[in-house]
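Enquirer: Next up is a structure, given as structure tokens.
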Amino acid sequence: MSDTINLQAELRSNVGKGAARSVRRQKLIPGVIYGAGKSPQPLTVKFNELFKLLKAGKFKSTLIELKIEDRIEKVICRDVQKDIVKNLPTHVDFLRLSETSRINLFIPVEFKNHSTSPGIKRGGVLTVVRPEVELIVNANAIPSELEVDLNEFELGDTINISNISLPKGVETAIKGRDFVIANIQSPSGLKSAEDEADGAEETGEDAEENSNEDVEKEAN
């Protein structure tokens, strides 16, 4: 499985603006869980836990295991309402996932065989542009990672999404372009050293040529 978020929630019976304000005074955030053919259920989550997860990023595109009483619901966040002045969460909506649900998730890219990669063995450095890729996946078959075999790449190669075999039923959220995942390039220090060496060689050749010209003039 891909990375998941674990979050504790409690069911609540009181709804409405007054009840929501009362919940927030207890440092809780009101919310609701719905979908998968079941009735919506009002709930609460702890403010501190939700705020921390929101700051971490990608909260709306990461699978969430929501623990409610003695059961766990697989959900994704559909909406987070915030105070327009303080920019703090005031309400959160969770969507239940069924076995047939298709969702957008960020899946990490794993690079294999660093030590045997032809490009890296020649002095190349792997530069990762996208450590994870947003994919559209089935909720019941979420890949744990996308694998890149570095044995297939030489110095100067660019690794694109087309170089990665996607699991069956998985597609990228970005459409219409073969975007870059990583590349294997010479380190800047090595390139500078090569440039300096080339410059020194050219200077030596020029000096030798000038010396030969001087000898010819003296002979004449």
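Any read-out appearing in this document is the output of simple, stated calculations on the displayed coordinates, not a laboratory observation. Remember, predicted model here, so these are calculated numbers, not experimental data. FYI the Cβ positions are ideal-geometry reconstructions off the backbone, even for glycines, and counts take in every protein chain you see.
Enquirer: Taking the Cα centre of segment 108-178 as the origin, how large is its charge dipole in debye, to the nearest 20, when only Lys and Arg (+1) and Asp and Glu (-1) carry charge on their Cβ atoms?
Expert: Charge dipole of segment 108-178: 80 debye, to the nearest 20.
Enquirer: Among Thr172, Thr116, rank each residue by its count of other Cβ atoms within 10 Å, from fewest to most, as a rough exposure measure.
Expert: If I rank by nearby Cβ atoms, fewest first, I get Thr116, Thr172.
Enquirer: Give the calculated FRET efficiency between Leu11 and Glu134 to the nearest 0.05, with a Förster radius of 30 Å applied to their Cβ-Cβ distance.
Expert: About 0.40, to the nearest 0.05.
Enquirer: So for Asp83, Asp149, fewest C-beta neighbours within 10 Å to most, what's the order?
Expert: Asp83, Asp149
Enquirer: Okay, next question. Using r as the Cβ-Cβ distance of Ala56 and Ile84, and R0 as 25 Å, what FRET efficiency do you calculate, to the nearest 0.05?
Expert: The pair Ala56/Ile84 has a calculated efficiency of 0.65.
Enquirer: At most 16 other Cβ atoms within 10 Å and a DSSP loop assignment: could you name the GluC sites (Glu not before Pro) in segment 88-144 that fit?
Expert: Loop-located and lightly packed - Glu99.
Enquirer: May I pose another question? Within 10 Å of each candidate Cβ there may be at most 14 other Cβ atoms; applying that plus a DSSP loop requirement, which trypsin sites (Lys or Arg not before Pro) in segment 106-188 survive?
Expert: Passing sites in segment 106-188 are Arg122, Lys168, Lys175, Arg177.
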